[in-house]
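Asks: What follows is a single structure, and I will ask about it in a moment.
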Amino acid sequence: MMTKSIQSLLAAAAILGACAAGAQDRDKAASPAWQDQFGISNCTIVTQGRNQYTVLEPGFQLVLEGGDTRLQITVLDETKVVDGVTTRVVEEKEWKNGELYEVARNYFAMCEQTRDVFYFGEDVDFYKNGKVTKHDGTWHAGVNGNRAGLQMAGAPQLKMKYYQEIAPGVAMDRAEIVSLNETCKTPAGTFSNCLKVKEGSAIDITAREYKYYAPSIGLVRDEDLRLTKYGFINGK
């Protein structure tokens, strides 16, 4: 038989537990869900243009470096139809210790009305000793239920949470905007009013990295990588 003291303690614990669960439920309800619908069908899709943090124009290039890694991002003068949509090809090349490590051809398109940039997939080649060894991470919208995600909003808002890639079992990257006014110091210059984004994955919930985007330029910092060079390689 329980004493009154023990009964009182158990009752208090139950009340505290109920309160904690209620608070968790409220927090969960208040926390916005990850956005995975972007109204693409309502957009006039274009293959080049700009928003505050993206330059989607052929010939524009970013180079970031840090440690043993060099990353080069180039907007190519190429397009590709993905899921019935004509997209712009953006090439990413990554070197480690001076050797080519990865080449990705990303497929982006912009909504003319909102300036949102959508991500329709990518073809990925990994290299070892100069030879392609695998294609991990390759996906295309319109295949196996895959859908386009949001790469960069035309009007980013603090605490926005959205999927960048929607390819179940292959690529489910997602992003949360955590700041709109960061200052970023890089070898290419110091940039103010930078967008800070926390990226992760619904496939690997432990994965996390931070990226910073400068107005009128784009990516200027990716974890240990810093912008070293940017501009149009074709002289525009």
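The values are calculated or read from the model by the stated rules, or taken from the named source; none is laboratory data. Every value quoted in this text rests on a predicted model; they were computed, and no experiment measured them. So basically every Cβ, Gly included, is an ideal-geometry build from the backbone, and we count neighbours across all protein chains shown. The accessibility values were calculated without ligands, DNA or RNA, using every heavy atom of the protein model including side chains. Shrake-Rupley method; radii C 1.70, N 1.55, O 1.52, S 1.80 Å.
Asks: Note down the accessible area of SER192, probe 1.4 Å, to the nearest 10 Å².
Replies: Only protein atoms counted, so the area is about 70 Å².
Asks: Write down Rg/Rh for segment 52-170, rounded to two decimals, with Rg from the C-alpha atoms and Rh from the Kirkwood relation over Cα pairs. Could you put the intermediate results ahead of the total?
Replies: Details: Rg = 15.0 Å, Rh = 15.3 Å.
Ratio of gyration radius to Kirkwood radius for segment 52-170: 0.98.
Asks: At each listed q (0.15, 0.18, 0.24 Å⁻¹), what is the log10 of I(q)/I(0) that the Debye formula gives for segment 125-206 modelled as equal alpha-carbon point scatterers?
Replies: Reported log10 I(q)/I(0), two decimals: -0.74, -0.90, -1.06.
Asks: Please tell me the relative contact order of segment 86-186 in percent, rounded to the nearest whole number, where contacts are Cα pairs under 8 Å and at least six residues apart.
Replies: 19 percent
Asks: Tell me the net charge near GLU94. Cut-off is 9 Å between Cβ atoms, GLU94 excluded, with +1 for each Lys or Arg and -1 for each Asp or Glu.
Replies: Overall, the nearby charge balance is +1.
Asks: Largest first, how would ASP204, ASP83 line up by accessible area (1.4 Å probe)? Please list the in-between numbers first.
Replies: Details: ASP204 70, ASP83 95 Å².
So the residues, ranked largest to smallest area, are ASP83, ASP204.
Asks: If you roll a 1.4 Å probe over the chain with all protein chains in place, what percent of the accessible area is carbon or sulfur?
Replies: Heavy-atom surface of the chain belonging to carbon and sulfur, 1.4 Å probe: 49 percent.
Asks: Given the whole protein assembly as supplied and a 1.4 Å probe, what does the accessible area of LYS196 come to in Å², nearest 10?
Replies: Only protein atoms counted, so the area is about 50 Å².
Asks: Of the cross-linked pairs LYS96/LYS134; LYS96/LYS198; LYS161/LYS229; LYS80/LYS131, which ones have a Cα-Cα span greater than 28 Å in the structure shown?
Replies: Working: LYS96/LYS134 17 Å; LYS96/LYS198 24 Å; LYS161/LYS229 30 Å; LYS80/LYS131 25 Å.
Going by Cα-Cα distance, LYS161/LYS229 fall outside the 28 Å limit.
Asks: What full-extension length gain, to one decimal in nm, is calculated for ILE233 and ALA33 as 0.36 nm per residue of separation minus the Cα-Cα distance?
Replies: Numbers: separation 200, 0.36 × 200 = 72.00 nm, distance 3.98 nm.
Computed gain between ILE233 and ALA33 is 68.0 nm.
Asks: Using a 1.4 Å probe, how large is the accessible area of GLU102, given in Å² and rounded to the nearest 10?
Replies: We get 40 Å² for GLU102.
Asks: May I ask for the net charge around TYR162, where only other residues with Cβ less than 9 Å from the Cβ of TYR162 are counted and Lys, Arg are +1 while Asp, Glu are -1?
Replies: Working: positive: LYS161, ARG174; negative: ASP36, GLU176.
Result for the local shell: 0.
Asks: Could I ask something else about it? Given Cα positions, please report Rg to Rh for the chain, the hydrodynamic radius being the Kirkwood one.
Replies: 1.11
Asks: Among residues other than GLY130 whose Cβ falls under 15 Å from its Cβ, what is the net charge (Lys/Arg +1, Asp/Glu -1)?
Replies: +1
Asks: Aspartates and glutamates within cross-link reach of LYS196: Cα-Cα under 13 Å, excluding same-chain residues under 8 positions apart?
Replies: Of all the aspartates and glutamates, those that pass the test against LYS196 - Cα under 13 Å, at least 8 places apart if same chain - are GLU176, GLU182, GLU209, ASP222, GLU223.
Asks: Return, for the Cα atoms of segment 179-227, the radius of gyration and Dmax in Å, separated by a comma.
Replies: That works out to 11.6, 35 Å for Rg and Dmax.
Asks: Taking the Cβ-Cβ separation of LYS128 and TYR210 as r and a Förster radius of 35 Å, what is the calculated FRET efficiency to the nearest 0.05?
Replies: Numbers: r = 28 Å, r/R0 = 0.81.
Between LYS128 and TYR210 the formula returns 0.80.
Asks: Please list 3J(HN,Hα) in residue order for segment 121-129, calculated via the Karplus relation 6.51 cos²θ - 1.76 cosθ + 1.60 where θ = phi - 60°; whole Hz, with x for glycine and proline.
Replies: Along segment 121-129, the couplings run x, 7, 10, 10, 10, 9, 10, 8, 6 Hz.
Asks: Right, next: Counting each DSSP H run of 4 or more residues in the chain as -39500 (n - 2.57), what helix-only mean residue ellipticity at 222 nm follows after dividing by all residues, to the nearest 500 deg cm²/dmol?
Replies: Working: 1 runs with 27 residues, N = 236.
Computed ellipticity for the chain at 222 nm equals -4000 deg cm²/dmol.
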